[in-house]
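Chemist: Pasting a structure here, questions to come.
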């Protein structure tokens with residue numbers, strides 16, 4: 001018997017941008033400014049935690065504006081404070097008592113010149129970065145990462161990374177037709193998708209993350225599904241227990257099923273790495289904040305070193321990180337704070 005797409009309020013249930021508090025019943029928010037939507041959403045909550053979060057969110061927006069027009073060598077400093085204040089907004093909105101430390105320090109190799117492999121960070125036990133990690137439910141034990149590893153694990157700049165380092169196997173697998181489905185034969189729901197026809201399916205099926213399995217024998221070529229499933233009553237989600245089950249399944253999948261924001265949301269699976277590369281099982285929010293912290297330190301304390309980075313082989317990669325990570329970071333943070341999914345309106349031409 002074929003699976004059926006899950007439905008909630010008559011709409012197909014698809015993977016949600018938010019990891020922790022996904023509102024599957026909410027409509028997609030069409031807006032050119034997640035900044036404004038989150039601020040107004042927090043104001044409507046009208047409680048002390050939301051008021052504190054709104055303050056930090058406004059601070060983050062001001063730092064983002066300050067970064068506009070700055071050269072790449074200078075922009076990391078205000079961008080880091082933008083990211084950190086946005087993280088504070090999320091933590092405050094959850095009623096968490098902020099630890100007034102950054103929670104991250106440099107981890108630089110003593111030997112070797114200025115290079116992405118040699119520059120890195122170490123996550124501390126207390127501070128904003130480890131608090132963000134705990135808030136997002138991360139379980140990775142490693143705490144020391146090079147800038148190379150951090151940037152390799154960021155989906156929004158991964159194509160640029162693979163062009164810069166052209167012998168690296170891609171870490172992210174594009175997915176299509178992503179949705180949650182109900183199997184009437186066992187009364188369970190799971191995530192289902194297809195690997196994009198633009199990619200060699202066979203070489204990636206053997207590199208699926210542990211949360212996904214090959215489903216081509218059951219659902220057709222290029223099909224994958226979640227290894228986990230949840231018991232629900234029917235394909236129509238009508239009670240809070242079933243909805244919460246899908247929320248928990250979504251939470252478990254999101255470290256390995258990530259997206260690129262835009263007028264269309266593009267979903268990708270994070271593959272098992274090849275050739276000794278390192279997969280970091282952390283949220284793009286945590287990774288971006290950590291990477292921007294080290295670049296901001298270089299911008300502030302070692303301007304000649306960051307100038308060397310921007311005149312070398314990795315200059316385009318670093319430029320794309322500075323330019324592309326901001327809208328992606330804020331889109332993801334907006335989803336985590338509100339539980340809603342923001343999307344840029346796709347304007348249709350006049351007929």
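The values are calculated or read from the model by the stated rules, or taken from the named source; none is laboratory data. All values reported here derive from a predicted model rather than from experimental measurement. As a convention, Cβ positions derive from the backbone with ideal geometry for all residues, glycine included, and neighbour counts pool all protein chains shown.
Chemist: Restricting the search to region 64-86, which residues are crowded, with 18+ Cβ neighbours inside 10 Å and either outside the structural domain of residue 302 (by TED's automatic domain parsing) or more than 13 Å from residue 296 (Cα to Cα) (or both)?
Modeler: Within region 64-86, 64, 85, 86 qualify.
Chemist: Pairs only if they're at least six apart or on different chains, beta carbon under 9 angstrom, first in region 305-316 and in the same structural domain as residue 160 (by TED's automatic domain parsing) and touching a residue at least 24 places away in the same chain (Cβ under 8 Å), second part of a helix (DSSP H, G or I) and loosely packed, with under 15 Cβ neighbours inside 10 Å; list them, first residue then second.
Modeler: What qualifies is 309/315; 316/163.
Chemist: Output the number of residues of region 92-125 satisfying the condition of being surrounded by 23 or more Cβ atoms within 10 Å (Cβ to Cβ) and more than 29 Å from residue 305 (Cα to Cα).
Modeler: The number of residues fulfilling the criteria is 2.
Chemist: Run residue 36 past the list (1) surrounded by fewer than 13 Cβ atoms within 10 Å (Cβ to Cβ); (2) assigned to a loop (DSSP other than H, G, I, E, B) and report the number of the one that doesn't hold.
Modeler: Single failed check for residue 36: (2).
Chemist: Here's something else I'd like to know. Which residue pairs have Cβ atoms closer than 6 Å, lie 6 or more positions apart in sequence or on different chains, and pair a first residue in region 105-119 that is within 13 Å of residue 298 (Cβ to Cβ) with a second residue that is modelled with pLDDT under 90?
Modeler: Here the result reads 118/109; 118/112; 119/108, each pair linking region 105-119 to a residue that is modelled with pLDDT under 90.
Chemist: If you scan region 271-312, which residues turn out to be farther than 23 Å from residue 125 by Cα, in a loop (DSSP other than H, G, I, E, B) and touching a helix residue (DSSP H, G or I) at 6+ places or on another chain (Cβ under 7 Å)?
Modeler: Selection gives 271, 277, 310.
So that you can scan it fast, the table gives a plain yes or no per residue for (1) in contact with a strand residue (DSSP E or B) (Cβ under 9 Å, 6 or more places away or on another chain); (2) in a strand (DSSP E or B); (3) modelled with pLDDT of 95 or more:
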| site | (1), (2), (3) |
| --- | --- |
| 169 | no, no, no |
| 182 | yes, yes, yes |
| 224 | yes, yes, yes |
| 228 | yes, no, yes |
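Chemist: So, one more: What number of residues within region 67-115 are in contact with a strand residue (DSSP E or B) (Cβ under 8 Å, 6 or more places away or on another chain), part of a loop (DSSP other than H, G, I, E, B) and at pLDDT below 95?
Modeler: Total satisfying the criteria: 3.
Chemist: Can I ask one more? Report yes if some residue within region 72-85 is out of contact with any helix residue (DSSP H, G or I) (no Cβ under 7 Å at 6 or more places or on another chain) and more than 18 Å from residue 330 (Cα to Cα); otherwise report no.
Modeler: no
Chemist: Is it true that residue 129 is part of a helix (DSSP H, G or I) and in contact with a strand residue (DSSP E or B) (Cβ under 8 Å, 6 or more places away or on another chain)?
Modeler: Yes; evaluated as a whole, the condition is true for this residue.
Chemist: Another question, if that's okay. Looking only at region 155-181, which residues are more than 19 Å from residue 204 (Cβ to Cβ), buried (at least 20 other Cβ atoms within 10 Å of the Cβ) and in contact with a helix residue (DSSP H, G or I) (Cβ under 8 Å, 6 or more places away or on another chain)?
Modeler: 156, 157, 180
Chemist: For residue 222, state whether it is farther than 26 Å from residue 328 by Cα, in the same structural domain as residue 206 (by TED's automatic domain parsing) and in contact (Cβ under 8 Å) with a residue 12 or more places away in the chain.
Modeler: Spelling it out, residue 222 is indeed farther than 26 Å from residue 328 by Cα, in the same structural domain as residue 206 (by TED's automatic domain parsing) and in contact (Cβ under 8 Å) with a residue 12 or more places away in the chain.
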